[in-house]
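Take a look at the structure set out below.
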């Protein structure tokens, strides 16, 4: 079967995660997160981040983001995020729903990143009782445009949070891909730059389902377990979410998977740049490419069995996953060259 480039969500379960899932399927085990797999995972996450933290398992990224932000932001306050953020474009209003009405204050900026001068303006523009006051800055790392905030940019956002008494949330659906891109440690890209809460993604990294919510300030996590339960995110058989994630972290497979995805995106970019007439919308910094393609070219590629997403003004996205190979890229490039030649 062809491995297309529509989304890293299309990829299956990585071998390490699949073996862990099978291995954890033995006998009767205590339910609702009291099993050994869940407990071992929470301990391991603290080792990975080199600090004490509170860890919760949820089913997916939407719930990780929405429940975390609802916990950080009362309904009479607002969350600042990029205008193209997943929170705004692809969460179906979940952050507002679970928070009971918290606002989304949108900030523009190039390449999917908030312009920090505009961010400061949006924080300060309304301070009266008739407006929802700012409470949280939320950013995606990797961004929706496939770019990565640098450490310096994260430190500047940390400073803004500190100066305005704001919480700092990171949507890390592709946290591992960003780590590989920046060549830094999990600690350096999270609590050391002031992140209070991380939505730590694994679904796109090779597990069947399951993401984490990590509070680096345990005081902020108080009562979050009740929010998880109320939000329908408390897995009765938690071991089947915990075991694959634990194994990827323990073996380092999560970094190897992200490394493979990023490397294949870099190779795909190199090959496409050798062609004429295709422009890139954003710099490739992780595992996705955004291209300007004609509708005719796209239709012919679809007919040849290559699905990928149209992102409106962002053009068309090609995304690589942990299981992509050079052979997959060669097959795609063969069809792309043929289609462009026929255009």
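For the reader, a short list of remarks on this structure follows.
- Counted residues, segment 286-314 - those being surrounded by fewer than 19 Cβ atoms within 10 Å (Cβ to Cβ) and assigned to a loop (DSSP other than H, G, I, E, B): 5
Residue-wise test of (1) modelled with pLDDT under 95; (2) outside the structural domain of residue 212 (by TED's automatic domain parsing).
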{"site": "3", "(1), (2)": "yes, yes"}
{"site": "19", "(1), (2)": "no, no"}
{"site": "34", "(1), (2)": "yes, no"}
{"site": "40", "(1), (2)": "no, no"}
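- Inspection of segment 140-150 identifies at least one residue that is touching a helix residue (DSSP H, G or I) at 6+ places or on another chain (Cβ under 8 Å), modelled with pLDDT of 95 or more and in a strand (DSSP E or B).
- Residue 206 being in the same structural domain as residue 135 (by TED's automatic domain parsing), on the phi < 0 side of the Ramachandran plot and at pLDDT 95 or above: no
- Among the candidates 87, 116, 106, the residue that is touching a helix residue (DSSP H, G or I) at 6+ places or on another chain (Cβ under 9 Å) and closer than 26 Å to residue 258 by Cβ is uniquely 87.
- Taken as a whole, segment 267-282 holds at least one residue that is surrounded by 15 or more Cβ atoms within 10 Å (Cβ to Cβ), within 30 Å of residue 20 (Cβ to Cβ) and not assigned by TED's automatic domain parsing to the domain that holds residue 145.
- Verdict on residue 255 being touching a helix residue (DSSP H, G or I) at 6+ places or on another chain (Cβ under 8 Å) and surrounded by fewer than 24 Cβ atoms within 10 Å (Cβ to Cβ): yes
The values are calculated or read from the model by the stated rules, or taken from the named source; none is laboratory data. Since the structure is predicted, the reported quantities are computational estimates derived from the model, not experimental observations. Counting neighbours? That spans all protein chains shown, and the Cβs are built from the backbone with ideal geometry, glycine included.
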